[in-house]
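None of the figures in this text is laboratory data; all of them are computed from the coordinates on show. Quantities reported herein were computed from a predicted structural model and do not represent experimental measurements. Please note: Cβ atoms are built from the backbone with ideal geometry, for glycine as well, and neighbour counts cover all protein chains shown.
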Amino acid sequence: MRAVIALAAALGSLLLGGCLLRLGGQQPLRARGWEEEAGVAAVTPKVVRALRSPLTPLPQTENRTTLNKNGIYQFEQASKCKAIQDNILSSSIKKKRYSEDYYLHIVTKLQNCTWVRKPEESTKFRSELASCCDAVHNFIASQNNSPLGSNMSYEVDSKKTILITEDIFKMLPVSSPLSVYPFKNCAVVGNGGILKNSSCGAEIDSSDFVFRCNLPPTAGNISKDVGNKTNLVTVNPSIIAQKYNKLNEKKTQFLENIAVYGDAFLLLPAFSFRSNTATSFKVYHTLKEFKAMQRAIFFHPTYLKSLAQFWRTKGVKAYRLSSGFMITSAALELCENVKLYGFWPFSKSTEKMPISHHYYDNQLPKPGFHAMPKEYNQILQLHGKGILKLQFGKCESD
């Protein structure tokens, strides 16, 4: 019996030793590197004798097990992230009304997935947007897309038109001032309270082009969180009406406040509602009268109507898209890389801490969900597909 056991042990050792020797014999350089990396000694008679002992550990097996575990972990993580993406897509298709906590649960999971830009997905989506809306040529009203003497239909008051007179025609740029696309890296900065204490200012300011919404404050201490670089900022005519009395008064205050935007474009929806037209034109004339650095430009209503139809097919059926969603859509056509900051339609963080509606006030969002979560759902999908990147919380500081 002892002889049989000894023979079996010897055969087993020879077979194992033969595998190692064959690996070294076919590719000696690779085998030597693998041995050094894994900490495996060269195969000598002494090593073969040591391998006969069933108690002797095999370093390379342990290493392979570790690699396998890492591979399995990565595969599981990829599967989990794919499941999260499918969940987001599923919730956007269904008509069910989801709670804020439901979305926060998804966001929490999505934060744990490593974001990777996917050029093929980006190109495909940019092409889809361009075929529908063509931001490069139609985002901004210009002399090229708004001929002299033509009747332009309003975006929302679509049954009403405005004649493009010589005075209006002269207010329009010859072509879109953003047609020097594509910009390399763009930041679209929303005004969500999530930006408070985010330390995102330096990262935002390092972008090639920065979009902002509705004349937000950027000066002073807040700039460390939101930055101060601005290339384009939207202007809601209601702000001009309420804060500056439609510029019938307070022109000086208006000009002083917008000085922080440098030579940025002020983008106004002059042709969305007929009631917006006079106020938007007043902004244009005020800037010209005082030779301000800023320049007023106008959304083209046809672009906004096309954009609304595009997103309607994807489940966003709001009365009107938010300005942040409009410029995000345009940025996806005009920029190679798009990153969003301050987009947070929730009343609390993923840690359940209250978050103000805007980073510059202490007002909490109104309870209940309206159109914003449908837009945010689409943004989450775009983030998951690697088409844009959504900044969820604090930025990494150097």
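Okay, here's what the table says:
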{"item": "Summed side-chain charge close to Phe299 - residues other than Phe299 whose Cβ falls under 11 Å, Lys, Arg +1, Asp, Glu -1", "result": "0"}
{"item": "Order of Trp115, Trp311 under a 10 Å beta carbon neighbour criterion, fewest first", "result": "Trp115, Trp311"}
{"item": "Overall form of the range 212-354 per C-alpha gyration tensor (a/c, 1.5; a/b vs b/c)", "result": "oblate"}
{"item": "Cross-link pairs Lys224/Lys339; Lys246/Lys305; Lys250/Lys282; Lys170/Lys250 - those with Cα-Cα distance over 21 Å", "result": "Lys246/Lys305; Lys170/Lys250"}
{"item": "Sorted by Cβ density within 10 Å, fewest first, the residues Met326, Met152, Met293", "result": "Met293, Met152, Met326"}
{"item": "Using θ = phi - 60° and Karplus 6.51 cos²θ - 1.76 cosθ + 1.60, couplings along the range 185-199 (whole Hz; Gly, Pro as x)", "result": "10, 10, 10, 10, 10, x, 10, x, x, 4, 6, 4, 6, 8, 6"}
{"item": "Stokes-Einstein D (µm²/s) once Rh is taken as the Kirkwood radius of the range 121-161 over alpha-carbon pairs, at 37 °C in 0.692 mPa s", "result": "272 µm²/s"}
{"item": "From phi via Karplus (6.51, -1.76, 1.60), per-residue ³J(HN,Hα) for the range 304-321 in Hz, x at Gly/Pro", "result": "5, 5, 5, 5, 4, 5, 4, 6, 5, 5, 9, x, 8, 10, 5, 4, 7, 5"}
{"item": "Gyration tensor (alpha-carbon) shape descriptor, the range 161-253, a/c threshold 1.5", "result": "oblate"}
{"item": "Sorted by Cβ density within 10 Å, fewest first, the residues Phe209, Phe273, Phe325", "result": "Phe273, Phe209, Phe325"}
{"item": "Under the Karplus curve 6.51 cos²θ - 1.76 cosθ + 1.60, θ = phi - 60°, whole-Hz ³J(HN,Hα) for the range 333-350, x wherever Gly or Pro sits", "result": "8, 8, 10, 6, 10, 10, 10, 9, 10, x, 9, 7, x, 9, 8, 8, 8, 5"}
{"item": "Span per principal axis, largest first, for the Cα atoms of the range 110-390 (Å)", "result": "56, 41, 36"}
